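Here is the structure we will look at, set down as structure tokens.
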Amino acid sequence: MPLSPIQHADASPAVRAVYDDIKATRAVPDVNNFWKMIAHDPATLKRTWESLKEVMAPGALDPLVKEMIFVAVSATNGCSYCVRSHEAAARRAGMTDAMFGELMAVVGMANETNRLVFGYQVELDEALK
């Protein structure tokens, strides 16, 4: 039988604490299903949230760039849930339809050229070493 998402009301105190931090940090009324599913392992939930919160915080890269990178990697990895989730976050951070279109064009081109380089076993140019 597949696992069901753990709702706030049914969560342990440790899981509720992470849920509450997610909701406060993201200013959302509820946590996404991703968090509700990994809550089946509270240590993974806490570790993943703490890592994500740290990595996605403003730094040398602004939050929009980070979300767009997340969308790009998610598209490449075939994670439609992650694409939709981080696309929504990127749009909240200012990503436009035009930006999304260009991002997907870059993702597609990078995947195509990466596969060509791999298939042809292209050696690295001396100037790039």
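The values are calculated or read from the model by the stated rules, or taken from the named source; none is laboratory data. Predicted model, so just to flag it, every value in this text is computed and none were measured. A quick note on method: Cβ atoms are made from the backbone with ideal geometry, for glycine too, and the neighbour counts reach across all protein chains shown.
Assorted remarks:
- Residue check, Ala88 at pLDDT 95 or above, among the aliphatic types (A, V, I, L, M), out of contact with any Asp or Glu (no Cβ under 6 Å at 6 or more places or on another chain) and over 30 Å from Gly108 (Cβ atoms): no
- Test result for Ala24, part of a helix (DSSP H, G or I), free of Cβ contacts under 8 Å to residues at least 24 places away in the same chain and more than 17 Å from the chain's Cα centre (by Cα): yes
- Selection status of Leu45, closer than 28 Å to Asp10 by Cα and under 11 Å from the mean Cα position of the chain (by Cα): no
- Scope region 1-13; condition over 23 Å from the mean Cα position of the chain (by Cα) and either within 18 Å of Arg47 (Cβ to Cβ) or charged (D, E, K, R) (or both); matching residues: Asp10, Ala11, Ser12, Pro13
- Candidate set from region 7-36 (those that are over 21 Å from Ser80 (Cα atoms), in contact with a Lys or Arg (Cβ under 8 Å, 6 or more places away or on another chain) and β-branched (Val, Ile, Thr)); member that is surrounded by the most Cβ atoms within 10 Å (Cβ to Cβ): Val18
- Complete set of residues in region 63-87 that are closer than 18 Å to Arg26 by Cβ and either hydroxyl-bearing (Ser, Thr, Tyr) or in the same structural domain as Val15 (by TED's automatic domain parsing) (or both): Ser74, Tyr81, Ser85
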